[in-house]
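Everything on this sheet refers to the single structure shown next.
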Amino acid sequence: MKAIFYVLALLAIGGAAYFSYDNLGKFQGQREEKNQAVSDNKDMTKKAEAKEEELAQEKSALEAAEKDKADATASIENLVAKEKTFRRDLGELENKLEEQKAQFAKLQESLGEINKLVDGAGVTLEELPDEVNRMKQEKSDKDKKLGELVTLVEGAQKSVESNQAEIGRLADREAKRNSRIRRNAMESVVSAVNDDWGFVVIGAGSSTGFTPQTKLLVKRNGRLIAEIQPSSIEPSQTIAEIDDETLAPGARIQPGDRVILANPATN
């Protein structure tokens, strides 16, 4: 009986040793897999850091390119402005050149007249100095008169330019006045009402001249119902909040009610 017990004990010890050895092999394999995973993770981390550094460099290069593009655009705009200035200056110089050509033609005409006088004068050698002095004085008088005429022409041109500027200013003022008159005559219609949120939709917007500061009145059959204040303005419609304190007792704004300006623009 004891022999059987010893045999069973030996078998148990052998089985335990076998399973311990087998688990040891599995443990070593798992440890190697773990070490390999750690190594792979480090490699992936290095690659990720390299990619991030490469991305940062590309981002920096992109920002530099954007700056260069902005600088180039500014340079082009500056060159275009200079070209316009040069063209304007060239036009002014061409106009002055034409004026000088006209003056030179007049001087040539005067010189031709002087030459005719000399040719037909028949003066003697003794009289020639006096005749030359006389012609010089006549030429001086004509130059002076020409200078006076040029001054008068320049003054007339400045007067014309000033009048044109004044005409432009008056035309602009008239256009603004007409715009204010049209705004004063503006009348729109309530297209929708939301009593829960206290706002209305109006079938007119910024193209009509509405601004957030524009106060509007709502009326029905010639009777004032309430005041409203624009809160969101689009080109063709406006959302306005209802001023409950100005709402007429027992009245409610309805689609179809008329909308006018509370404060007409002054002329």
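The values are calculated or read from the model by the stated rules, or taken from the named source; none is laboratory data. This is a predicted model, so every value here is computed, not measured. Cβ: placed from backbone, ideal geometry, glycine included. Neighbour counts: every protein chain shown.
With at pLDDT below 75 and part of a helix (DSSP H, G or I) as the only criterion, which of D119, D143 stands out? Can you show your working first?
Working: D143 fails: at pLDDT below 75.
The unique qualifying residue is D119.
Scan the stretch 234-267 for residues that are closer than 18 Å to E187 by Cβ, in contact with a Gly (Cβ under 8 Å, 6 or more places away or on another chain) and at pLDDT 90 or above and the total you get is 2. Answer yes or no: is there a residue in the stretch 240-252 that is in a strand (DSSP E or B), under 33 Å from the mean Cα position of the chain (by Cα) and assigned by TED's automatic domain parsing to the domain that holds S206. So far as the stretch 240-252 goes, yes, one or more of its residues are in a strand (DSSP E or B), under 33 Å from the mean Cα position of the chain (by Cα) and assigned by TED's automatic domain parsing to the domain that holds S206.
Please determine whether any residue of the stretch 166-187 is modelled with pLDDT of 75 or more, outside any helix (DSSP H, G or I) and either loosely packed, with under 14 Cβ neighbours inside 10 Å or in the same structural domain as E92 (by TED's automatic domain parsing) (or both). The answer is yes, given that some residue of the stretch 166-187 is modelled with pLDDT of 75 or more, outside any helix (DSSP H, G or I) and either loosely packed, with under 14 Cβ neighbours inside 10 Å or in the same structural domain as E92 (by TED's automatic domain parsing) (or both).
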